[in-house]
Amino acid sequence: MANTFVLKVALRYLKPSHKEGFVSVIAGFSFLGITLGVATLIIVMSVMNGFREDLFKRILGFNGHIGIASVYREGIKDFDKLVTQLKKIPEISTVTPVIEYQVMITNKGVASGAFVHGLRLQDLLNRKLVADHITHGTLEHFERENSIVIGKRLAEKYHVFPGDSLSLVAPEGTSTAFGTVPRIRRFQVVAIFDVGMKDYDGGVVFIPLEAAQNFFRLPEAVNGVEVFLNHPDQALKVSPLLSRNLGPSVRVIDWQRANSSFTTALQVERNVMFTILTLIILVAAFNIISSLIMLVKDKTHDIAILRTMGASQSMILKIFFLAGSLIGLIGTMMGTLLGLLITANIETIRQWLEKLSGTQLFSAEVYFLTTLPSKVNPYEVITVVSVALLLVFLASLYPSWRAARLDPVEALRYE
């Protein structure tokens with residue numbers, strides 16, 4: 001009975017009459033602030049999670065979890081023996097011998113740099129990120145000596161399709177009696193891929209391993225080996241093991257070290273954004289304090305009457321604590337639903353806003369990815385909701401305590 005009475009009074013105080021209109025406005029702003037704060041936190045954290053996952057999924061799908069590179073110009077000679085040796089390690093799933101070099105690509109007066117991966121057809125087929133995202137042509141013709149697979153952005157830049165040719169210029173020329181002559185070779189485009197990452201779609205090409213050995217003058221050798229693990233996190237364990245066993249002739253680097261700038265920057269930005277956006281909820285919590293203090297002041301006479309009629313200090317405290325908590329609780333619930341709804345449709349919303357404004361809001365040149373990703377982490381949502389509710393409950397305590405401590409005799413005397 002007492003709890004029902006407390007709830008009814010608290011709900012009544014959340015709908016103040018005309019003379020408490022200003023209190024209602026402040027309470028409304030508190031509700032709106034908590035709703036927007038919680039929603040914004042969930043949206044931003046989910047987008048950053050999605051961005052990180054998508055970015056590393058593409059990086060790890062394109063490159064090995066651990067890279068082994070020769071420190072000598074002649075490369076790794078017995079690479080097939082090394083591949084067999086590495087495959088015996090339980091944590092390793094796939095090992096790919098590869099030749100990697102920077103080249104210049106030219107065609108019809110257009111020239112730009114690119115990164116060449118020379119590898120076998122089966123190894124290219126095993127790279128699902130590439131093999132499953134072929135938009136034009138087919139990988140069946142990749143075994144041809146002068147075949148090349150390029151990204152969508154590169155194809156658009158040079159206006160080429162499967163069947164057209166591109167010229168690759170090696171970084172090291174051929175020495176002749178008349179000086180150094182650039183080494184140029186024509187390659188025929190057999191397939192075009194689109195993995196949705198600007199750096200790969202516009203700056204990486206694949207050629208057959210034998211063609212790369214001939215073009216870069218590495219007969220029967222490769223200059224690197226890419227190791228794919230059962231799980232990317234095993235790189236920290238396997239990488240030191242490979243360094244010790246393979247000796248000083250090669251350099252071993254895991255994906256976390258190779259992309260340390262990305263991981264560090266994303267983690268710092270994520271923490272800063274969480275702190276900044278939590279301040280929105282904190283400001284809303286201070287608004288709850290303001291609105292409750294004003295409500296207590298306006299309801300001084302009511303509190304005095306309730307006390308003289310037998311209401312205890314505990315009941316008065318519960319009434320005002322419940323009034324403040326309901327604002328925060330409903331605001332947090334609404335913010336959570338709004339945040340999850342927007343997160344689930346973030347890419348559609350982005351496209352709609354771009355059409356409406358006529359501007360590009362998510363440029364692949366800046367953000368590396370071509371679509372706006374999102375991934376909801378349930379634990380982070382729980383953390384956001386918990387922080388919001390904690391701030392709200394703490395904000396409701398002091399005004400409620402003041403209302404409970406009010407002396408009914410003094411309050412009625414000054415009415």
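Give the residue list of trypsin sites (Lys or Arg not before Pro) in region 38-95 that are DSSP loop and have at most 12 other beta-carbon atoms within 10 angstrom. Could you put the intermediate results ahead of the total?
Working: sites: Arg52, Lys57, Arg58, Arg73, Lys77, Lys81, Lys87, Lys88; in loops: Arg73, Lys77, Lys88.
Loop-located and lightly packed - Arg73, Lys88.
Centre-to-centre, using Cα atoms only, region 128-163 and region 207-252 are separated by 24 Å.
Tell me the net charge near Ser147. Cut-off is 15 Å between Cβ atoms, Ser147 excluded, with +1 for each Lys or Arg and -1 for each Asp or Glu.
Details: positive: Arg120, Arg144, Arg185, Arg186; negative: Asp123, Glu140, Glu143, Glu145, Asp164, Glu210.
With Lys, Arg at +1 and Asp, Glu at -1, the neighbours total -2.
Check cross-link reach from Lys8 to the lysines: straight Cα distance under 21 Å, and skip same-chain residues fewer than eight apart. Correct list for Lys8: Lys19, Lys297, Lys299, Lys318. Taking Cβ atoms as reference points and 13 Å as the exclusive limit, the residues near Asp233 contribute a net charge of -1, counting Lys and Arg as +1 and Asp and Glu as -1. All other residues with a Cβ under 15 Å from the Cβ of Ile89 taken together, and with Lys, Arg as +1 and Asp, Glu as -1, what is their net charge? Residues near Ile89 contribute +2 overall. Counting beta carbons within 10 Å around each of Thr96, Thr84 and listing the fewest first gives the order Thr84, Thr96.
Compared with the direct C-alpha span, the chain from Lys237 to Ser386 gains 50.1 nm at full extension, assuming 0.36 nm per residue. Going from the fewest other Cβ atoms within 10 Å to the most, the residues Val222, Val95, Val38 appear in the order Val95, Val222, Val38.
Past 22 Å, Cα to Cα, is the threshold; run Lys57/Lys375; Lys57/Lys237; Lys152/Lys375 against it and keep the listed order.
Working: Lys57/Lys375 13 Å; Lys57/Lys237 20 Å; Lys152/Lys375 26 Å.
Pairs exceeding the cut-off: Lys152/Lys375.
Listed by Cβ neighbour count within 10 Å, with the fewest neighbours leading, Val283, Val272, Val238 appear as Val272, Val283, Val238. Near His65, the amide H atoms lying under 5 Å from its own belong to Val227, Phe228, Leu229; only residues 5 or more places off or on other chains count, and H is placed 1.01 Å from N.
Read-outs throughout are calculated quantities, based only on the coordinates presented, and are distinct from any laboratory measurement. Every value quoted in this text rests on a predicted model; they were computed, and no experiment measured them. Glycine also receives a Cβ, built like all others from the backbone with ideal geometry; neighbour counts cover every protein chain displayed.
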